[in-house]
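K.L.:
Take a look at the following structure, please.
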Amino acid sequence: MNTIDQKRYLLILTFLLMAAFFFRFIGLGSAPLSESEARLAMQSWSAMKGLPDYQIRQPLYVFITSVCFSFFDANEFTARVFPAIMGLLLVCLPILFHHQIGLPKTSLLVFLLAIDPVGIAWSKTADSLIPVICLFLFSITAFYRKRTIPGIILLALAMTGGERFWPPAAAILISFLFFQLLSRRKSIFDNLTEIFSVKNLILLTICFILFSIGFFRFPYGLHTIGQGLLAGFAVNKTGDPKAVRFLPILIGYLYYFGFMLLLILLKFVQSIRSKQISEVFLAAAFVTFALLMGLFQQGILVLAWISIPLIYFCSGIFVQLSNEIRIEKSVYSYLAIATLPCLYCFLVFRITELLQMGDLSLPLSFRWNQQLITLSLTRFQGYLFIIVICLIIFGVFFPYLLNYFSPNKIWSSFGLGILLIWLFSLTVNSWSAAGFRYNQEDLSSGKNHNRHELALGAQIHQMNSMILDQIQEIGLKQSGFKESAKGLILNLDEPMMDWELRKNTAVQETGMLNHQTELPSYVITTDIDTNDITKDLIGTPFVWKVQDEWNSFTLTDWLKWMLYRQVKENHFMLTFWQEPRWITEIVEE
């Protein structure tokens, strides 16, 4: 490769890294934290304050984020900046292997990692998942390059990911042993024995313990080792993002990686026919890893782990196809390239119209020459008839017509058209995963910017409620902002509420209200028995949070989510109790 080609690829890599930065950092702090994010952020807040917390399951995120909170203000951006940085470093990983794999494949890998919707969604989420994946892969890179000490340090850091590390590590180990058993390669096993010698295992243990306790800054970090190990193989059915059933996970496989899985399946069939046993064994180990992740109850988290090997395998297939397939430069080839993308756009628009019509059993009507014409077909039947006719004409008849004028020379052009459709869909999904898609019909989009991504699992989002504004208003009326109004939170485990009110020292959490010793200006409760509260305060119910109900989606719900990210949600209510004089003043105003 000459100097001009190297400069060209360097320019391409620079542009791709800028795109990766854009998707991961723009709008990073614009959306409020979800419940799982707020729980981790509050643990980091407590660690910064020196308050022991024995419920920490991800010490890697908690302790590093607490350092960020110490140097910078604790807000949504600093709560998510650590995963975003690690996600950007993950995109840079293929550059370390550009001498072995070549600049073309390196550029392709960086491109696919930069716009990977699953990686983008988790890079903008306060969690240890992306940091653990990044540190684990960099540790493997260090071991591959015979840098044992850096590899051990990086692996020890990855191990402090707690519940995000141990189940995938167990699945990878079992899958590796399975691959080792099938392929009978002793060299790999010998290299591992050399890397993990007794001396290196002792060093790994010491580094792991030191990182877990934050170099003695967080002595209770020893407790987090057991917490992370136990929590990794368990699922909290109500508040864990990974708690989704088989069907949403299957939809996630097909929606995010459907095209890549199809390519790998075709490559697998080709490997069997050509008797390339090593590639067959590698594919079997990959499937074993995915099944073990499901067995270990990792749910939707498996998407983030398999995205990188899928991207690596598909990039090799793309490079191979680019060297073997040649497209004829003729008008018939150009028509073949444009046919499938145009058909795809037409079908998407028609299905979108169909979903927005409401009752599909009504007669189909349209205007012609300023007259309303009603057909005997229903809306569903009419649109189905139009879609079938278009599929027959442009999906069957037109391709064979082009092949008649250019025999056996336009089928590769249709393949390029399919590739363009996939790239367009991938870019749209990346845009949505980054939180840039804004849907006016989504009631909660005012704050969470429509980040309803299946890759994030069953997230619980904060609604755009007026509770914080009411607390500030009561403080203004009571003391003119000289001090905050005193309030109580009764019997609530609400990390998002704790995060929003973390700097409000006048708010206290308690299990019961004593009217003789406590005179709060407001009380926040659930819909529990509140007979004692109603004597002195007036309550106003409001929707505080919503949860994406992936497990109850129908076919129509899946289509609505895929096309414009509309979801079914489960709403959770809270009640805001306040003194009658504040409500009276509001009415008088």
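The values are calculated or read from the model by the stated rules, or taken from the named source; none is laboratory data. Being a predicted model, the structure only gives us computed values, none of them experimental. Don't worry about glycine lacking a Cβ; one is built from the backbone with ideal geometry, like all the others, and counts go over all protein chains shown. Keep in mind that these areas ignore ligands, DNA and RNA; they rest on the heavy atoms of the full protein, side chains included. Shrake-Rupley method; radii C 1.70, N 1.55, O 1.52, S 1.80 Å.
K.L.:
Percent antiparallel among DSSP beta bridges with both residues in the chain, to the nearest 5?
P.N.:
75
K.L.:
Please identify the helices of the chain, taking whole runs of DSSP H, that span at least 30 Å along their own axis as judged from the Cα atoms and have a mean Kyte-Doolittle score of 1.0 or higher.
P.N.:
3-25, 246-273, 302-324, 331-356, 411-433
K.L.:
Same structure again: Counting each pair of different Cα atoms once, what's the Kirkwood radius of the stretch 136-185 in Å, rounded to one decimal?
P.N.:
11.8
K.L.:
Another question, if that's okay. Dipole of the chain (Lys/Arg Cβ +1, Asp/Glu Cβ -1, origin at the Cα centre): which of Val62, Phe542, Pro495 lies farthest to the positive side?
P.N.:
In the chain, that residue is Val62.
K.L.:
Where the only charges are on Cβ atoms (+1 Lys, Arg; -1 Asp, Glu), what is the dipole of the stretch 3-240 about its Cα centre, to the nearest 20 debye?
P.N.:
680
K.L.:
Ratio of Rg to Rh for the stretch 81-123, alpha carbon only, Kirkwood?
P.N.:
So for the stretch 81-123, dividing Rg by the Kirkwood Rh gives 1.02.
K.L.:
If you take the C-alpha gyration tensor of the chain, multiply each eigenvalue by 5 and take the square root, what semi-axes do you get, largest first, in whole Å?
P.N.:
Over the Cα atoms of the chain, the semi-axes work out to 46, 37, 20 Å.
K.L.:
Can I ask one more? Note down the accessible area of Lys568, probe 1.4 Å, to the nearest 10 Å².
P.N.:
The accessible area of Lys568 comes to roughly 70 Å².
K.L.:
Can you find, among Val396, Gly214, Gly102, the residue sitting farthest towards the positive end of the charge dipole of the chain, where Lys and Arg contribute +1 and Asp and Glu -1 at Cβ?
P.N.:
Gly102
K.L.:
Let me ask something else about it. How would you classify the stretch 39-111 from its alpha-carbon gyration tensor, with a ≥ b ≥ c the square roots of the eigenvalues: rounded for a/c under 1.5, else prolate if a/b is greater than b/c, otherwise oblate?
P.N.:
The shape class here is prolate.
K.L.:
Using a 1.4 Å probe, what is the accessible area per residue for the stretch 331-434, in Å²?
P.N.:
With the other protein chains kept in place, the stretch 331-434 gives 63 Å² per residue.
K.L.:
Could I ask something else about it? Is the stretch 331-434 rounded, prolate or oblate when judged by the Cα gyration tensor, a ≥ b ≥ c being the square roots of its eigenvalues, rounded requiring a/c under 1.5 and prolate requiring a/b larger than b/c?
P.N.:
Oblate.
K.L.:
What's the Cα-based Rg to Rh of the stretch 3-240, Rh via Kirkwood?
P.N.:
0.99
K.L.:
If we sort 171-179, 323-331 on the protection proxy, mean other Cβ atoms within 10 Å, highest first, what's the order?
P.N.:
In decreasing order of mean packing, 171-179, 323-331 become 171-179, 323-331.
K.L.:
Could I ask something else about it? Rank-order 309-321, 152-164, 131-143 by packing density, defined as the average count of other C-beta atoms within 10 Å over each peptide's residues, highest first.
P.N.:
The densest-packed peptide leads the list: 152-164, 131-143, 309-321.
K.L.:
How big is the charge dipole of the chain about its Cα centre, in debye rounded to the nearest 20, if each Lys and Arg gets +1 on its Cβ and each Asp and Glu gets -1 on its Cβ?
P.N.:
2880
K.L.:
What is the percent carbon and sulfur in the accessible area of the chain, measuring with a 1.4 Å probe over the protein chains and ignoring ligands?
P.N.:
Of all accessible area on the chain, carbon and sulfur atoms account for 66 percent.
K.L.:
Identify, among Cys134, Ala31, Thr14, the residue whose Cα sits farthest towards the positive end of the charge dipole of the stretch 1-155, taking +1 on the Cβ of Lys and Arg and -1 on the Cβ of Asp and Glu, with the dipole about the Cα centre.
P.N.:
Thr14
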